[in-house]
Structures are given as C-alpha cells and as structure tokens.
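As structure tokens, the structure follows; a few thoughts come after it.
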Amino acid sequence: MTTLTRELRRSLENTVREARRTAEGGARKVIEQLAVHHHEPWPSMTPAQRELRNRLRAHGRQLGDRRDDRRGVQGIDRLTTECAYEHWHRLLFARYLAECELLIEPQSGVAISLTECEELARAEGRDWLELAADYAQRMLPQIFRSGDPVLEVALPPETRSALEDLMKALPRDVFVADDSLGWVYQYWQADRKEEVNRSEKKIGAD
C-alpha cells in the first residue's frame, strides 16, 4: 500500500485549499453574471443563458439556497460552493484516471495521458476537459455526469487556467497513492471547518 509522505500531504493540502478559494471566486463571478441571484435576467442575456439561469436557480433551491418570493432574489452560496466543487474535482479526477492509466480513448481502447488528450482535443477543436469527461463517463459516471447545470457554467478563463496550473503542479506520486483521495476531501473542507470552529457557533446543516 502506497501512502502520501508528510511533504506530499502538505503540498496537496496547500493546493486543494487554494483551489477551493480560486474556484469559488470564479464560480460566484460567473453565477452573478448569469443573474442567478437577481430577480430577473440581465437584458443582454441570450435565450440559452436565460435557460441555464432558470436551471441553476432551480438547482440552487434544491441545494438549499433560499428564494425571496416577494422580491424574487435568491441566495447563491450553496450553488457557488457546488459549482466550484464540481469543476475542481472533474479536473482533478481526469488526472487521477490518466495517471492510473484508466483514461481510455474509446475507439482504440487504449489508455491515454492528459497531454495526449489535449492533443486530441486540439485536433477536434474541443476543450480537452470536455473530451476527457466524455472518455471518463464510463469509468466514473457520478463524477463526469452529463446534464448537470453547474458543469455547464463556463468558469472565467483566468479561473480555469489557475485551476489547471494547480492540478498540473501536483507530482504524479499524489495521484497513485492509495490514501490521497481521502486527504483531498478533507483538505477541501479545511478552510470552512476552521471558519466554523473560530465562530464558536453551533454546527448546523450549512
């Protein structure tokens, strides 16, 4: 059984904490651009953006974001957290699969690396992560699922680039260690856990 060294755990912790802050900042920005929090769409929004806004508002309410029926405004805190979480983990799991030789190109049935996936995506004029998600859906349908409105949100380019840099900076040993996934989820919650502990308030559903 291969486990993370103390140095690799520290590197993973710093990366995941930074990824959450980066992803949530970008997610909130684009969710506000889609007027999910506002009582009505922005006048400049396209029909497709309006349709996505409606689906995001419905999904946010399912997550527990509250809508003010009188004013029409709606909270976006839980939706923002969910959006950030899904985007970062889809990126991270693509590399997990690639490093474990489980990212399979369906026509050839051969495992490919992320670099090879990026090359294939360029040849097809596609986003490499969308292509990786297509390949990975068979392996991890709960992570790379289709039809999820938060995954249809396009994070700002600077956010996406920063998250890719964080993911690619992690050494390969992180992705082949048996205990790394457990640490990933623990570190994702670390900042929030510390915030709750400092508040000295009773821990609730949020």
**Asked** Over segment 35-119, how many percent of alpha carbon pairs lie in each 10 Å bin up to the one with the longest distance?
**Response** 16, 31, 20, 23, 10, 1
**Asked** Once the dipole of segment 1-76 is set up with Lys and Arg at +1 and Asp and Glu at -1 on Cβ about the Cα centre, which of Gln74, His59, Ser11 lies farthest towards its positive end?
**Response** Ser11
**Asked** Ala123 versus Ala48, label points 7 Å from Cα toward the beta carbon: distance in nm?
**Response** 2.6
**Message:** Output wanted: per-residue J couplings in Hz (rounded whole) for segment 47-63, from phi through Karplus 6.51 cos²θ - 1.76 cosθ + 1.60, θ = phi - 60°, x for Gly and Pro.
**Reply:** x, 5, 5, 5, 5, 5, 4, 4, 5, 5, 4, 5, 5, x, 5, 5, 7
**Request:** Go ahead and run the numbers for FRET between Glu13 and Glu164, Cβ-Cβ distance against an R0 of 25 Å, rounding to 0.05.
**Result:** 0.85
**Request:** Grab the DSSP H runs of the chain that are 4 residues or longer, score each as -39,500 (n - 2.57), total them, divide by all residues and round the 222 nm result to the nearest 500 deg cm²/dmol.
**Result:** -19500 deg cm²/dmol
**Prompt:** Ignoring ligands, DNA and RNA, what percent of the 1.4 Å accessible area of segment 43-133 is carbon and sulfur?
**Reply:** 47
**Asked** How large is the accessible surface per residue of the chain, computed with a 1.4 Å probe and reported in Å² as a whole number?
**Response** 57
**Message:** In Å and on Cα atoms, what radius of gyration and Dmax does segment 122-206 show?
**Reply:** 16.8, 54
**Item:** Relative counts (whole %) of C-alpha pair distances in the chain, using bins that are 5 Å wide
**Value:** 1, 7, 14, 16, 18, 16, 13, 8, 4, 2, 1, 0
**Request:** Run the numbers on the chain and let me know its relative contact order in percent, using alpha-carbon pairs under 8 Å that are six or more apart.
**Result:** 32
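The values are calculated or read from the model by the stated rules, or taken from the named source; none is laboratory data. This is a predicted model, so every value here is computed, not measured. Quick reminder, even Gly has a Cβ in these numbers, built from the backbone with ideal geometry, and neighbours come from all protein chains shown. The protein model used for the area step is the full one, side chains on, heavy atoms only, and it has no ligands, DNA or RNA in it. Shrake-Rupley method; radii C 1.70, N 1.55, O 1.52, S 1.80 Å.
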